[in-house]
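Participant: Encoded as structure tokens, here's the structure I'll be asking about.
What follows draws every value from the coordinates through simple rules; no lab data is involved. What you see is a predicted model; the values in this text were computed from it and never measured. Reconstructed Cβ throughout: ideal geometry from the backbone, glycine too, with neighbour counts over all protein chains shown.
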Amino acid sequence: MKLILAIVSNEDSGKVIKTLIKENFFVTKLATTGGFLMSGNTTMLIGVQEDLLDKCIQVISDTSKRRSKLVPNAISSEFGIFSSTPVEVQVGGATIFVLDVEQFIKA
């Protein structure tokens, strides 16, 4: 058995969870905040049998998309902080960790 920790943006989380449930995966949802842009994320805990691991990862990958976003760029100097031209960064997609599960108990 494996435990998937999937971190996706809040924009994609509803679609990811709905699709996972439709494909008969059990999902636990945790609200989290990303460090880089301080934007809302959803961390999902998904226990899967090894033979379904690739299918689960594929569902997450297919339903969480990367997109570009303009973020403010601030320049700090001895005269203060000045706003500059916004910078385009990639956001979204999924960060997926797969962990071995030694024991699984559903009480």
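Participant: What's the ranking of 15-22, 47-54 by average number of surrounding C-beta atoms within 10 Å, highest first?
Facilitator: Per-residue mean Cβ counts within 10 Å order the peptides as 15-22, 47-54.
Participant: A follow-up question, please. Hey, fewest Cβ within 10 Å first, where do Met44, Met1 land in order?
Facilitator: Met1, Met44
Participant: What ranking do Ile46, Ile96, Ile4, Ile105 get, fewest neighbouring Cβ atoms within 10 angstrom at the top?
Facilitator: Ascending Cβ contact count within 10 Å gives the list Ile105, Ile96, Ile4, Ile46.
Participant: In what sequence do Glu11, Glu23 fall when counting other Cβ within 10 Å, fewest first?
Facilitator: Neighbour counts put them in this order, fewest first: Glu23, Glu11.
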